[in-house]
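Chemist: Please find one structure pasted underneath; my questions will follow.
The values are calculated or read from the model by the stated rules, or taken from the named source; none is laboratory data. Just so you know, these numbers come straight off a predicted model, no measurement behind them. Ligands, DNA and RNA are stripped out before the accessible areas are found, and what is left, the full protein with its side chains, is counted by its heavy atoms. Shrake-Rupley method; radii C 1.70, N 1.55, O 1.52, S 1.80 Å.
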Amino acid sequence: MTKTPAEVELMAEAGRRLASVFTHLDGLALAGMTTMEINDRVEAFIVDDLQARPASKGQYGYGFVLNSSRNQVVCHGVPSADEVLKSGDIVNLDITLEKDGFIADSSKTYLIGTVGPQARRLVRTTYEAMWKGIQAVRPGAKLGDIGFAIERHAKKAGYSVVREYCGHGIGREMHEDPQVLHFGRAGTGVTLREGMVFTIEPMLNQGRRTVRTEDDGWTVVTADGMLSAQFEHTMAVTGDGVRVLTLRPEEKRAAA
């Protein structure tokens with residue numbers, strides 16, 4: 001489950017390129033665009049500008065370069081030429097990228113136009129919950145520490161954590177060991193050690209944590225129809241803490 005320092009550096013380069021995809025998206029006026037338009041623009045940017053491979057396309061038979069999960073969609077939303085983003089929506093864009101044999105994975109929930117305060121609070125809390133999990137990562141910590149930190153923050157705000165999907169080890173393959181749950185008990189689970197690389201990607205629901213999969217076999221939605229939000233980063237355990245490999249420029253400035 002560990003990578004060599006050289007492998008971590010290759011993953012960091014994939015992560016840097018993936019972060020630039022989100023910077024590119026930040027500059028687009030997403031309101032009025034279809035999720036398929038966004039998919040196609042991201043594919044062109046990854047292939048033509050970054051000379052990389054969109055790792056999700058063809059994975060498990062999936063035909064697109066990203067998942068677009070809007071409003072009540074929890075994850076795995078499929079881009080569509082008929083789905084137009086409009087003011088008031090929230091949409092998670094989950095993107096993977098492979099460069100030099102290694103994969104990076106990240107997602108961000110975007111606020112489209114004028115978004116109501118309840119949706120904004122959900123998105124903000126989900127982002128905070130991801131960082132609570134990241135801050136628990138260090139050598140000698142336990143995987144359960146991550147899930148405990150995330151769930152505690154979510155519950156304090158009145159939200160539920162989806163349990164059917166989790167973070168995961170990543171490297172030459174999209175999904176490797178270990179599984180990184182977004183709930184759990186502190187002090188339990190696998191001990192973290194330097195060189196482990198995995199994602200943290202909590203999904204928080206406004207209402208109940210129960211989800212269901214739609215007939216397309218991909219799209220997962222909240223069972224009660226309430227909103228869901230998600231954020232994701234890929235990170236490596238370092239000798240004294242954690243290195244977020246998909247950190248975006250605006251996040252670096254905020255941390256400075």
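Chemist: Long-range amide H contacts for His182: which residues qualify at under 5 Å (H placed 1.01 Å from N, peptide plane, sequence gap of 5 or more or a different chain)?
Modeler: Amide H neighbours of His182: Gly167.
Chemist: OK, next. Hey, got the Cα dimensions of the stretch 45-88 along the principal axes, in Å, largest first?
Modeler: Reported extents, whole Å, longest axis first: 34, 25, 17.
Chemist: Counting only protein heavy atoms and using a 1.4 Å probe, what share of the accessible area of the stretch 200-256 belongs to carbon plus sulfur, as a whole percent?
Modeler: Its accessible area is 49 percent carbon and sulfur atoms.
Chemist: Whole number in Å², please: accessible area per residue of the stretch 1-92, 1.4 Å probe, ligands, DNA and RNA not counted.
Modeler: 42 Å²
Chemist: List the residues whose amide H sits under 5 Å from the amide H of Asn92, counting only those 5 or more places along or on another chain, with H placed 1.01 Å from N in the peptide plane.
Modeler: Amide H neighbours of Asn92, under 5 Å, 5+ apart: Ser69, Arg70, Asn71, Tyr110.
Chemist: Is there a pair in Lys156/Lys252; Lys86/Lys142; Lys99/Lys156 whose C-alpha atoms are over 31 Å apart, and which pairs would that be?
Modeler: In this structure, Lys86/Lys142; Lys99/Lys156 exceed 31 Å between Cα atoms.
Chemist: Give the Cα extents of the stretch 105-234 along the principal axes, in whole Å, largest first.
Modeler: Projected onto its principal axes, the Cα set of the stretch 105-234 covers 42, 33, 26 Å.
Chemist: Expressed in whole Å with the largest first, what are the equivalent ellipsoid semi-axes of the stretch 43-128 derived from the C-alpha gyration tensor as the square root of 5 times each eigenvalue?
Modeler: Those come to 26, 14, 12 Å.
Chemist: Can you work out the base-10 log of I(q)/I(0) for the stretch 1-89 at q = 0.12, 0.22 1/Å, using the Debye formula on its C-alpha atoms alone?
Modeler: -0.44, -1.17
Chemist: With N denoting the number of residues in the stretch 151-199, provide Rg(C-alpha) divided by 2.2 N^0.38 Å, to two decimal places.
Modeler: Dividing the Cα Rg of the stretch 151-199 by 2.2 N^0.38 Å gives 1.30.
Chemist: Using only the alpha carbon atoms of the stretch 56-179, find the Kirkwood hydrodynamic radius as the inverse mean reciprocal pair distance, in angstroms to one decimal.
Modeler: One decimal place: 16.2 Å for the Kirkwood radius.
Chemist: Could you give the radius of gyration (one decimal) and Dmax (whole number) of the Cα atoms in the chain, in Å?
Modeler: Just the Cα atoms of the chain yield Rg and Dmax of 17.0, 48 Å.
Chemist: Pick from Ala12, Ala154, Ala141: which is most flexible by mean-square fluctuation in a GNM of the chain where alpha carbon atoms under 10 Å apart are linked?
Modeler: Ala141
Chemist: Also, quick follow-up: Could you tell me how far the Cα centroid of the stretch 30-89 sits from the Cα centroid of the stretch 190-234, in Å?
Modeler: One Cα centre to the other: 17 Å.
Chemist: Which whole-number percent gives the relative contact order of the stretch 93-170, counting Cα pairs below 8 Å spaced six or more residues apart?
Modeler: 22 percent
Chemist: In addition: Pop out the carbon and sulfur fraction of the accessible area of the stretch 1-116 as a percent, whole number, probe 1.4 Å.
Modeler: Using a 1.4 Å probe with all protein chains present, the stretch 1-116 comes out at 52 percent carbon and sulfur.
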